[in-house]
Amino acid sequence: MTGRWQRDGYELRTVMMTLIVMLIITSIRLFPLEIAVLLIFPEIAVLSLFNVRTGWTANRRSRTLVLTVCTSALLVLQAGLVYDLQSYYQGEINRTGWEESVDLPPEGTYHSKSLSNWYTVENLYLELFDWSGNVTFYIVDENIPQNKFEQGNCSHACVLNLRLPYRYSYAFVVANWTIGLYNPSQNESIHGFITNSMAVIADEHFGVRQAVVIFHAWPLTAILTLWEYTGLSLLSAGLKKSVSPVQKGNQSQDVENTTGQQNQDQT
């Protein structure tokens, strides 16, 4: 029973040491600390439970197999997520300050520069103002131009709150979103202005951008946690073995002293 409690205490110390080390690493502006805890703690709990049942960190063959297979699989996932993360940065319109003056001839059409794909996770606020006549607006993926979204009409001025429907037109083809304006009049030209009225992301605060980046970096966090846990487990096991001979020597000396005292008392 004592041995079991010692083993459980050893595993608990290992988990706590790993958690402290990983929190120190992740707190150095790699990720926000509170998100790092959510990502790391479940993995440490699983690794600890698995280690208690199998002892994989102490067995060289098992340890090598676990580290090789898990690290390879996580690196493949990380590569795919890095590729996916780049799709968010496609597009030119992603900040406040963009504004254009548009003149549309009868039945004329205008298409803006590409919209940032960050607008798939953050709202796009558009303002149409000072229009001399009725104008039809929509957003369209230039890879599939026949499909129009968020179609509506505006006269003089209006504010639009939009969200891009998707980031990929097809597999591995990043969507190319633009704002479309159309003059339905058959004999009159119209003119007006279009602008985005709010920033997509506030960089100085924890927001959508950081949350997306953190999600796309979770395999890297898992790899760091796995290797840190393995290293600290081996370190703790080595310290335990180095202490054990000293404890055994002290116990033997105590037994000899007790036996000698008993012999003196009998004499």
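No lab work stands behind these numbers, since they all come straight from the coordinates. Source: prediction; values computed, not measured. For neighbour counting, all protein chains shown are included, and Cβ atoms are generated from backbone atoms with ideal geometry for every residue, glycine included.
Counted residue by residue at 0.36 nm each, then reduced by the alpha carbon distance between them, the extension gain from Leu75 to Tyr168 reaches 31.2 nm. Rg ratio for segment 69-200: its Cα radius of gyration over 2.2 N^0.38 Å, N being its residue count, equals 1.25. Taken over segment 39-100, the convex hull of the Cα atoms encloses 98 Å³ per residue. Between Gln86 and Thr109, the contour length at 0.36 nm per residue exceeds the alpha carbon distance by 5.3 nm.
Calculated over segment 66-112, the projected area of the Cα convex hull averaged across directions stands at 5.5 nm². Multiplying the residue separation of Leu49 and Val208 by 0.36 nm and removing their Cα-Cα distance gives an extension gain of 53.9 nm. Normalised by the number of residues in segment 123-212, the mean separation of alpha-carbon contacts (under 8 Å, six or more apart) gives a relative contact order of 40 percent.
Annotation: segment 123-227 has a Kirkwood hydrodynamic radius of 16.7 angstrom, from the mean reciprocal C-alpha pair distance. When the Cα atoms of segment 33-139 are aligned to their principal axes, the ranges along those axes come out at 78, 26, 20 Å in descending order. Taking the empirical scaling 2.2 N^0.38 Å for compact globular proteins as reference, segment 132-188 has a Cα radius of gyration ratio of 1.31. Placing +1 on the Cβ of every Lys and Arg and -1 on the Cβ of every Asp and Glu, with nothing else charged, gives segment 70-132 a dipole about its Cα centre of roughly 420 debye.
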